[in-house]
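The values are calculated or read from the model by the stated rules, or taken from the named source; none is laboratory data. Please read all numbers here as calculations on a predicted model, not as lab measurements. Using ideal geometry, Cβ is built from the backbone for each residue, glycine included, and neighbour counts are taken over all protein chains shown.
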Amino acid sequence: MNKMKKLFSKPVLLIILTGLFVSFALPLLSSFVGISKIHRIIYLFLVINPLLSILSGWLIRRATLNFAWLFFFPAVFAISIWWRFAQYNYWLAGVYLILGLIAYLLIPVSQSKTVTH
């Protein structure tokens with residue numbers, strides 16, 4: 001149990017799991033529940049995903065992770081768009097990258113121990 005708690009406390013794993021969940025599982029789950037397409041676009045693409053990209057940028061900066069992790073969520077989102085949704089939604093991946101970058105640049109570097117992943 002202690003190993004699992006330690007594993008799930010790693011910031012990289014948190015970024016990976018939330019990115020995969022929000023990009024793949026949440027749209028499928030909302031479709032399965034019967035949420036209309038317009039509500040899925042509004043809530044997922046325009047509310048939840050931007051918040052996740054801002055939180056990812058904040059977490060990457062606070063945990064002093066590699067800058068390249070900012071590209072993870074937009075890349076996973078672009079793959080999920082290619083796989084499941086309309087092609088015109090690709091521009092949102094760029095918006096998510098910019099939001100994550102803004103959050104990353106606005107947060108001061110943490111003075112705590114450096115985490116290298």
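Considering only region 79-86, I want to know if a residue exists there that is without any contact (Cβ under 8 Å) to a residue 24 or more places away in the chain, out of contact with any Gly (no Cβ under 8 Å at 6 or more places or on another chain) and surrounded by 15 or more Cβ atoms within 10 Å (Cβ to Cβ).
Yes, region 79-86 has at least one match.
Condition check ((1) in contact with a helix residue (DSSP H, G or I) (Cβ under 7 Å, 6 or more places away or on another chain); (2) not β-branched (Val, Ile, Thr)) across all residues:
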position: 22; (1), (2): yes, no
position: 35; (1), (2): no, no
position: 52; (1), (2): yes, yes
position: 59; (1), (2): yes, yes
position: 85; (1), (2): no, yes
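With respect to residue 98, determine if the residue is free of Cβ contacts under 8 Å to residues at least 24 places away in the same chain and assigned to a helix (DSSP H, G or I).
Considered against the rule, which asks whether it is free of Cβ contacts under 8 Å to residues at least 24 places away in the same chain and assigned to a helix (DSSP H, G or I), residue 98 comes out as yes.
When only residues in region 48-63 that are hydrophobic (A, V, I, L, M, F, W, C) and assigned to a helix (DSSP H, G or I) count, which is surrounded by the fewest Cβ atoms within 10 Å (Cβ to Cβ)?
Taking the candidates together, the pick is 51.
From the set of residues in region 8-24 that are within 16 Å of residue 72 (Cβ to Cβ) and among the small types (Gly, Ala, Ser), which is surrounded by the fewest Cβ atoms within 10 Å (Cβ to Cβ)?
19
Quick test for you: out of 45, 21, 77, pick the one residue that is assigned to a helix (DSSP H, G or I) and within 30 Å of residue 3 (Cβ to Cβ).
Working: 45 fails: within 30 Å of residue 3 (Cβ to Cβ); 77 fails: within 30 Å of residue 3 (Cβ to Cβ).
On inspection, the qualifying residue turns out to be 21.
Yes or no, residue by residue, for (1) in a helix (DSSP H, G or I); (2) buried (at least 17 other Cβ atoms within 10 Å of the Cβ); (3) under 12 Å from the mean Cα position of the chain (by Cα); (4) at pLDDT below 95:
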residue: 32; (1), (2), (3), (4): yes, no, no, yes
residue: 39; (1), (2), (3), (4): yes, no, no, yes
residue: 65; (1), (2), (3), (4): no, yes, no, yes
residue: 72; (1), (2), (3), (4): yes, yes, yes, no
residue: 90; (1), (2), (3), (4): yes, no, no, yes
